[in-house]
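Step one of this worksheet: look at the structure below.
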Amino acid sequence: MYEQFKIYHTFMDHVNVITKLILGVLLFVLVIFIHNFDWMLYLAIIMFIFMIGFSGVRLKLIIAFVSVMMLFSFTSSLFMIFYGDGSTTLFQWGIVHITEESLYRGIHLSLRTITVSFFGLSIAFTSEIVKVFYSLMQHLKVKPKYAYAFMAAIRMVPMMFESFFQLRNALKMRYHVIDSSQYRGLNRIKHLIIPLLSQNIRRAHRLSVAMEKKGFHNGTRTYYYHVPFSYRDILLIVVFLIMVVTAYLLAMYFPITHITDVR
């Protein structure tokens, strides 16, 4: 599943996921305290370039995720744009009052969202699920039974989608030979939901019994995969700092909007 979307690998694929997550949290905290509009704008652009260059996945997949993310970030800022405070009115109709200040604040909020999302997508595109949980077990001492349970649950998601499509195709065939009143409205939903729930509950129960039999407990374990820290982790930290500092310097020496504080 992971390799289907990869077209090349970069050093990001070999960075320990804990390092990536810590940097992601630090970026989230950092953007909260950035009130310089140009700094935020340049940082979003740099993070987008970083994601394109180091994620290593197909461009179509990136475009799909970015489109959804941009839509979400835009809609999340509409409340601030439509009902914000300000002295320079751009548009007013009823309770909707768009000012220049509220517009910049809304765009700034969107830039915060997409900046963190770009780096988050870079982490998602360069991290294998198996190594994520192995890293958590080996370095953060997450109990194996919880880590393996989450790993198994994530592995079951594609199986759930496969079951859904199989059931939907089977129902299409059956609906041709029964009266249409039998599958209208809620009946159609029942025909999908009830079998899917019963199948996946049974599958989850069998999986839990199998894990218990195989000894997935909290004792000492050996690991097939070892996920150590390496020089690549330091390299990512250096690149991360360079991106933040570069965005700041560009905002200082090549400002676009000259807005130093959007509060």
key: Flag if Phe119 is in contact (Cβ under 8 Å) with a residue 24 or more places away in the chain, touching a helix residue (DSSP H, G or I) at 6+ places or on another chain (Cβ under 8 Å), part of a helix (DSSP H, G or I) and buried (at least 18 other Cβ atoms within 10 Å of the Cβ)   = yes
ask   = Among the listed residues Lys141, Lys145, which satisfies the condition of being outside any helix (DSSP H, G or I) and within 30 Å of Ile18 (Cβ to Cβ)?
value = Lys141
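One line per residue, one yes/no per condition, for (1) among the hydrophobic types (A, V, I, L, M, F, W, C); (2) farther than 26 Å from His139 by Cα; (3) surrounded by 14 or more Cβ atoms within 10 Å (Cβ to Cβ):
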{"position": "Met12", "(1), (2), (3)": "yes, no, yes"}
{"position": "Ile63", "(1), (2), (3)": "yes, yes, no"}
{"position": "Leu71", "(1), (2), (3)": "yes, yes, no"}
{"position": "Ile98", "(1), (2), (3)": "yes, yes, yes"}
inquiry  = If the requirement is being closer than 23 Å to Asn16 by Cβ and either among the β-branched types (Val, Ile, Thr) or modelled with pLDDT of 80 or more (or both), which of these qualifies: Val177, Val239?
reply    = Val239
query = Going through the range 224-236 one residue at a time, which ones are touching a helix residue (DSSP H, G or I) at 6+ places or on another chain (Cβ under 6 Å) and at pLDDT below 90?
reply = Tyr225, Val227
task = Give just the number: which of (1) of a type outside the set (S, T, N, Q); (2) modelled with pLDDT under 90; (3) part of a helix (DSSP H, G or I) does Ile49 not satisfy?
result = (2)
task = Give the residue that is nearest to Tyr8 (Cα to Cα), with candidates limited to residues of the range 55-77 that are in contact (Cβ under 8 Å) with a residue 24 or more places away in the chain and among the hydroxyl-bearing types (Ser, Thr, Tyr).
result = Ser55
ask   = Given the conditions (1) among the polar types (S, T, N, Q); (2) surrounded by fewer than 17 Cβ atoms within 10 Å (Cβ to Cβ); (3) at pLDDT 90 or above, and given that Gln4 satisfies all but one, which numbered condition is not satisfied?
value = (3)
task = Of all residues in the range 9-44, count the ones that are part of a helix (DSSP H, G or I) and either within 28 Å of Ser230 (Cα to Cα) or in contact with a Cys (Cβ under 9 Å, 6 or more places away or on another chain) (or both).
result = 21
inquiry  = Any residue at all in the range 33-43 that's under 18 Å from the mean Cα position of the chain (by Cα) and either among the β-branched types (Val, Ile, Thr) or under 15 Å from Asp233 (Cα atoms) (or both)?
reply    = no
task = Return the only residue of Lys131, Lys141 being at pLDDT below 85 and either under 19 Å from the mean Cα position of the chain (by Cα) or within 20 Å of Ile49 (Cβ to Cβ) (or both).
result = Lys131
query = Is it true that some residue in the range 83-103 is assigned to a helix (DSSP H, G or I) and touching a residue at least 60 places away in the same chain (Cβ under 8 Å)?
reply = yes
message = Looking at the range 161-169, can you tell me whether even one residue there is farther than 29 Å from Ile123 by Cα, modelled with pLDDT of 75 or more and more than 30 Å from the chain's Cα centre (by Cα)?
response = yes
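The values are calculated or read from the model by the stated rules, or taken from the named source; none is laboratory data. Worth saying up front: this structure is predicted, and the values here are computed from it rather than measured. Reconstructed Cβ throughout: ideal geometry from the backbone, glycine too, with neighbour counts over all protein chains shown.
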